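Quick notes on the structure that follows.
The values are calculated or read from the model by the stated rules, or taken from the named source; none is laboratory data. This is a predicted model, so every value here is computed, not measured. Methodologically, a virtual Cβ is constructed for each residue, glycine included, from the backbone with ideal geometry; neighbour enumeration extends over all protein chains shown. Areas reflect the complete protein model, heavy atoms only, side chains present, ligands, DNA and RNA absent. Shrake-Rupley method; radii C 1.70, N 1.55, O 1.52, S 1.80 Å.
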Amino acid sequence: MSQWTRVIVAALVACIALPSGAQAFKNPKAEKPPEQKPQFMTGGESLVPLPLPGTTLRRTEKKHPPAPPALVGMINFSVTGQNREAFPTTQIDIERLMKFANEQLDIHYRYVATSLNDFSYDPNELSVLYLTGWTPMPRLNDDAIEKLRRYLYDGGTLVLHAQCGRKEFTDTAREAIARILPNRPLTLLDSDSFIYHAYYKIDRMRVRTGTEDFKVTPPLMEAVYLGCRPAIIFSPIDLNCGWDVEKYPIAGGVLYHQDDGMKLGVNILTSALANFQYAQSWGTEKVYHEQEKQGRDELVIAQIVHNGDWDPTPHALPNLMKYVSKNTTLNVMFKREVVDLSNADVFKHPVLYMTGLRDFKFTPEQVELLKKYFRSGGVLVADAAAGSYAFDQAFRRELARVIGEGKLKLIEMDNAVYQNPYQIRRVSYSKLARAQDPRLDTPRLEGVTVDGQLQIIYSPHSLSNGWEQLNFAYNRGYGDEDALRLGVNIFSYVMTH
């Protein structure tokens, strides 16, 4: 998605708030009653959702079958007796979406109404929380903010969308999101995001502003990432799974076509299910503390901070270091540090490591510092987390600014990086990488050679997801064991050359 396209689509949302405020807008979706009575949680009803593909819940009981497991909790501020008019909401979108998703995916889940006071904040009970409205969100107290943050780190997913694309909701939703995960930016999803490919391939959406004709645009979704998964998913345009906006346009609203909204909603649920186990594992911090041993050499690996989600795989290097210690005779102690390319401390580190998920850009000062770093003999090891196309394109572009005419070239199989301590000829790839290219069976590292030695080693297929060993469902990368073996060889090469 080009930056210009993003600006145009975002402008659709920004322009629709009425001057007289939220009270002047009447949402016709709110006048349509739900198809069934809202379902409330009771003790013992919920089961752990199964990641896709998984075993579906088969219904064989003839009488009084048990309720299907709850997947989505719809946050309703009136559940605990608060005035519904303080924050009106609707159920028709999630109701239609759950019915459609169950049919398309051959699963059997349901949504339930809940509140931030009644919910246990355990993602094993409800792995997705859903919040929608068209008026300003009530301000969440600090306790609710902290509990939501813990819920996300424990593996839950929060989905918000603005009913009718109303700015009154989007502005307050952004404020709440910034409070929940204050150090992680809310960013546009890249066009290669698995949210757009998890079940349906979506590269265009029909969107209607008021009574105007439909416009065809790239999908506009925003997210906050924890690791490689979007933990908060936000749509400033009405996802619209329950209203026929083709026949009944809504003045003052911005809505996706119902058919397109249904497909995007299925992709969101599919990805949340598929990532559930990864999300819970990622939230459990894995830190390996190397024991100090006299006489051991020390290799400090400094990870570069940048503006493209620089640390999506925080467990990767610690887990690789643990693997080196347990599976090789290398007499070295590894340490991971974090470094900013705007800081002269970079020159204290002989090895830099870099990864990321999104587009990024170096400042002119950072470009000049990296040029000096390479001239002084420094080495850079990098990979695209989850095989991200956005990071891959940005890395190649920004590296060209640093090294000029020098280009990344495929490292030949007879290179020393594939020889020690492991002889590597054939490697396994993740299911997604193989699905996109069934011919993959050899390592595809790229590099820049200076004076006969590799000074830059880069993998467009993810190494770091394999190093983490957390089974990320949408990884375009190496299998875990081969990613670890390649990592050992790469850093062994760096130490000995």
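Details
- When the Cα atoms of the range 120-195 are aligned to their principal axes, the ranges along those axes come out at 35, 31, 24 Å in descending order.
- q = 0.12, 0.21 Å⁻¹, the range 340-497: log10 I(q)/I(0) [Debye, one scatterer per Cα]: -0.50, -1.46
- For the peptides 365-377, 385-397, the ranking by packing is 385-397, 365-377, with the highest mean count of neighbouring Cβ atoms within 10 Å listed first.
- Volume of the convex hull of the range 404-466 (Cα atoms only), normalised per residue: 114 Å³.
- Here the range 120-163 is treated as a sphere whose radius is the Kirkwood value from Cα pairs; by Stokes-Einstein at 20 °C and 1.002 mPa s it diffuses with a coefficient of 191 µm²/s.
- Whole-number D in µm²/s for the range 304-353 (Stokes-Einstein; Kirkwood sum over Cα pairs; 4 °C, 1.567 mPa s): 103 µm²/s
- Rg over Rh [alpha-carbon atoms, Kirkwood Rh] for the range 377-426: 1.03
- Stokes-Einstein D (µm²/s) once Rh is taken as the Kirkwood radius of the range 208-278 over alpha-carbon pairs, at 37 °C in 0.692 mPa s: 246 µm²/s
- Span per principal axis, largest first, for the Cα atoms of the range 131-255 (Å): 43, 32, 21
- For peptides 320-328, 342-350, sequence by mean Cβ density within 10 Å, most packed first: 320-328, 342-350
- Summary of packing: across the peptides 451-461, 153-163, the per-residue average of other C-beta atoms within 10 Å ranks them, highest first, as 153-163, 451-461.
- Accessible area in square angstrom per residue, the range 413-497, 1.4 angstrom probe: 42 Å²
- Where N is the number of residues in the range 65-167, Cα Rg divided by 2.2 N^0.38 Å: 1.09
- Cut-off 14 Å between beta-carbons: net charge of the residues surrounding L463, Lys and Arg +1, Asp and Glu -1: -4
- Among the listed pairs K201/K431; K372/K407; K99/K431; K322/K348, those beyond 21 Å (Cα-Cα): K99/K431; K322/K348
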